[in-house]
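Presented below is the structure to which this report refers.
The values are calculated or read from the model by the stated rules, or taken from the named source; none is laboratory data. Remember, it's a predicted structure, so these values are computed and weren't measured experimentally. No Cβ is skipped: glycine too gets one built from the backbone with ideal geometry, and neighbour counts run over all protein chains shown. Side chains included, ligands, DNA and RNA excluded: accessible areas come from the protein's heavy atoms. Shrake-Rupley method; radii C 1.70, N 1.55, O 1.52, S 1.80 Å.
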Amino acid sequence: MPAHHQEYNDQSSAPVRVLISAGPTHEPIDRVRYIANRSSGRVGLALAREAMKRGCSTTLLMGPIASSEPIKGVTTHHYGSTADLEKLLNEHLPACDVLIMAAAVADYRPVLQPGAMHSKIRRDPENLTLTLEPTPDLLAGCAAKARPDQCLVGFALEPENDLLEHATAKLKRKGIDLIVANPLKTMDSQTISAWLIGKDGVIDQTQGDISKEQFATWLMENLLSR
Ligand code: CTP
């Protein structure tokens, strides 16, 4: 276990600085339209509340989600697109001890025609083709410039078959410290089951399906006791 993690338990040290991203991204097509995903952001918000309750200095990067009431005691910055989130991460990564990337970042975004953000695409009888380009992998980008004393945590939503293998491969590919693996059925569900995986394998798993609030408690307990 890296030496830096031990200080998390040291009551005399400064509060752990936790940076959490939550929610979907909206990738603009033109001035009025976007491509999005169905992330509710609930897991990320529950994590921010739990981190704050545990005395962490908590910063939340919050995507475009319906219930966006400010959480008392949590510094919140809002993003829309992957590009916005990338800027916020660049700004706030250096001042965190733990990054938890719970945001559902788009993998592709529309290639915008010049001036697209100042107008709207008009109806036309012909088919319309959108060209999508891959977005940068934000977590891998953070991992490439993170300090050794920082802990980077990602999420992997995977089909139930080979869940752990896929999540472990993702952890290695992105160069992060920990990954939370969830089965695909977690999407749109009120409950969650999860495995916490490190470079040396499974660290912990939830006792079956638990609420997203219980999940936040389980994950923060794991992260802060390392
Ligand atoms: N993520 C990111 N930047 C992206 C896509 C994803 O930082 N462009 C982050 C997510 O916030 C999450 C983790 O990477 O913490 C895993 O996301 P996921 O979509 O499951 O993985 P992908 O890298 O997109 O791989 P795949 O599409 O093969 O599942």
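Numerical summary
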{"read-out": "Verdict on residue 38 being open to solvent by 60 Å² or more (accessible area, probe 1.4 Å), modelled with pLDDT of 90 or more and not in a loop (DSSP other than H, G, I, E, B)", "value": "no"}
{"read-out": "Test for residue 149: is it farther than 30 Å from residue 32 by Cβ and among the charged types (D, E, K, R)", "value": "yes"}
{"read-out": "Long-range neighbours under 9 Å by Cβ, at least six apart or interchain, first residue closer than 18 Å to residue 85 by Cα within region 109-120, second assigned to a strand (DSSP E or B) and of a type in the set (Asp, Glu)", "value": "109/27; 109/133; 110/27; 110/133; 111/133"}
{"read-out": "Residues that are of a type outside the set (A, V, I, L, M), closer than 17 Å to residue 39 by Cβ and open to solvent by 20 Å² or more (accessible area, probe 1.4 Å), drawn from region 57-75", "value": "64, 67, 68"}
{"read-out": "Scan of region 147-164 for residues that are open to solvent by 30 Å² or more (accessible area, probe 1.4 Å), at pLDDT 95 or above and either assigned to a helix (DSSP H, G or I) or among the aliphatic types (A, V, I, L, M) (or both), ordered by number", "value": "164"}
{"read-out": "Wholly within region 169-226, strands (runs of 3 or more DSSP E) carrying at least 1 residues that are open to solvent by 40 Å² or more (accessible area, probe 1.4 Å) and farther than 17 Å from residue 47 by Cα", "value": "201-205"}
